[in-house]
């Protein structure tokens, strides 16, 4: 799954930079570095309510249904909190439930396979459905492997509710809070 790859890749980068930074910058008192990686994040940690009756979901290759990763290097901030759930309700019911809680972060943008649904294509803060071009390459910020999702916030700090799949009477969905470096 892309989500798990994102978490593992981020953790590896954070630990590599942390190791290099401690040996290269130990003499500089103005240097600020911190990193964390936890295998647990709740809907509350992400800033959204728990969906009624939903249960944490983890795939067969993972021992956790959530993750909380963060990395700070002076003014460079990156964090991602994500949790996966499953419910017997329809994808439409899940998305309808999260529209109002997401609105506290700004305009709610609905996306289907990376394309906007409806008249809103870009929020007032500049958030879009698509991927984002970084200065040194391409970074996918879809939030999950979602076919259908809701987004709210700004391009640097936003929340995603994504429907991962719906089959056999169950809807698997993910909640994500993402903070990206400014101007990345």
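Assorted remarks:
- For the stretch 102-132, a tally of residues being part of a loop (DSSP other than H, G, I, E, B), at pLDDT below 90 and within 19 Å of residue 78 (Cβ to Cβ) returns 1.
- Of all residues in the stretch 133-151, those being surrounded by fewer than 23 Cβ atoms within 10 Å (Cβ to Cβ), in a strand (DSSP E or B) and either modelled with pLDDT of 50 or more or on the phi > 0 side of the Ramachandran plot (or both) number 2.
- Selected residue (criterion: modelled with the lowest pLDDT) from residues of the stretch 158-178 that are surrounded by fewer than 17 Cβ atoms within 10 Å (Cβ to Cβ) and in contact with a strand residue (DSSP E or B) (Cβ under 9 Å, 6 or more places away or on another chain): 165
- Picking from residues in the stretch 43-72 that are assigned to a loop (DSSP other than H, G, I, E, B), at negative phi and at pLDDT 75 or above, the one that is surrounded by the most Cβ atoms within 10 Å (Cβ to Cβ) is 48.
The values are calculated or read from the model by the stated rules, or taken from the named source; none is laboratory data. All values derive from a computational prediction rather than experimental measurement. A quick note on method: Cβ atoms are made from the backbone with ideal geometry, for glycine too, and the neighbour counts reach across all protein chains shown.
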